[in-house]
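The values are calculated or read from the model by the stated rules, or taken from the named source; none is laboratory data. As the structure is a prediction and not an experimental result, all values here were calculated from the model. Reconstructed Cβ throughout: ideal geometry from the backbone, glycine too, with neighbour counts over all protein chains shown. All accessible areas refer to the heavy atoms of the entire protein, side chains included, with ligands and DNA or RNA removed. Shrake-Rupley method; radii C 1.70, N 1.55, O 1.52, S 1.80 Å.
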Amino acid sequence: MRIISGKAKGVRLSALSSKRTRPILDRAKESLFNILGDSIHDSVVLDLFAGTGSLGIEALSRGAKRCLFVDNSTNAILVIKKNLQDAEFLEKSVVLKINVFRLLGILKNKHQKFNLMLVAPPYKLLDLDCRDRKRIFSMLDECVSRKIINETGLIVLQHHKKQTVSQESFKQLKVIDERQYGTTQFTFLGINSSSNPEM
């Protein structure tokens, strides 16, 4: 696993030993960031369920201004910090060890807005019979209602291609694109302006 492009191109990233972690393949990551293109430059990024921090670190390498990494695993936090140090991006980063469902409560008084949210929960959390599936979708909707994401911001949700993520899952967000790479699917979500006339 490595940084594909940008300032830290070629830097190898440490991985997690947990079998529950599924590192994103370089091909899928490269395709994702090719789609995002120049929108990364000077953006403020939130990497949720960050794991190794691979996505957020790639964004920093490609010119993001700063990134907040969030994960509830102690091992993940240690690996993220090591990878940030190896890539020399510690000064542009904040790393939080917290349950992601508590994050909005922390951010609500910080007046922090993000241009890009990279969301890669463990696949099992998006299974139809998992109660956390609706919690994740509701949390993403709430990022809009609490104005944690900019009006022109983008959310990229990574999940298994067999896990359908439909427009009916959201009230504040709209599905604007979907891309598949092997078993990985990226669903791109933007703000549904029709449900937020004040925006």
Original post:
Considering only residues of region 92-123 that are small (Gly, Ala, Ser) and in contact with a strand residue (DSSP E or B) (Cβ under 9 Å, 6 or more places away or on another chain), which is modelled with the highest pLDDT?
Top reply: Ser93
**OP:** Consider only pairs whose beta carbons are under 8 Å apart and that are at least six residues apart or on different chains; among these, list those whose first residue lies in region 95-108 and is within 13 Å of Gly51 (Cα to Cα) and whose second residue is open to solvent by 10 Å² or more (accessible area, probe 1.4 Å) and of a type in the set (Lys, Arg).
**Re:** Val95/Lys81
Original post:
Restricting the search to region 84-136, which residues are assigned to a strand (DSSP E or B) and open to solvent by 100 Å² or more (accessible area, probe 1.4 Å)?
Top reply: Lys97
**OP:** Considering only region 60-78, state which residues are touching a residue at least 40 places away in the same chain (Cβ under 8 Å) and either touching a Cys at 6+ places or on another chain (Cβ under 6 Å) or closer than 11 Å to Val95 by Cα (or both).
**Re:** Leu60, Leu68, Ala76
Subject >> Every pair of residues 6+ apart whose Cβ atoms lie under 6 Å, when the first sits in region 163-175 and is over 12 Å from Phe186 (Cα atoms) while the second is among the aliphatic types (A, V, I, L, M) and outside any strand (DSSP E or B) >> reply: Gln172/Val144
Original post:
Could you list, in sequence order, the residues of region 33-49 that are part of a loop (DSSP other than H, G, I, E, B) and open to solvent by 10 Å² or more (accessible area, probe 1.4 Å)?
Top reply: His41, Asp42, Phe49
Subject >> Residues of region 7-32 satisfying the condition of being crowded, with 19+ Cβ neighbours inside 10 Å and under 20 Å from Glu88 (Cβ atoms) >> reply: Ala8, Leu13, Lys29
**OP:** Could you figure out which of (1) more than 23 Å from Thr52 (Cβ to Cβ); (2) open to solvent by less than 50 Å² (accessible area, probe 1.4 Å); (3) part of a strand (DSSP E or B) isn't true of Val144?
**Re:** (3)
Original post:
Would it be correct to say that Lys162 is surrounded by fewer than 16 Cβ atoms within 10 Å (Cβ to Cβ) and in a helix (DSSP H, G or I)?
Top reply: no
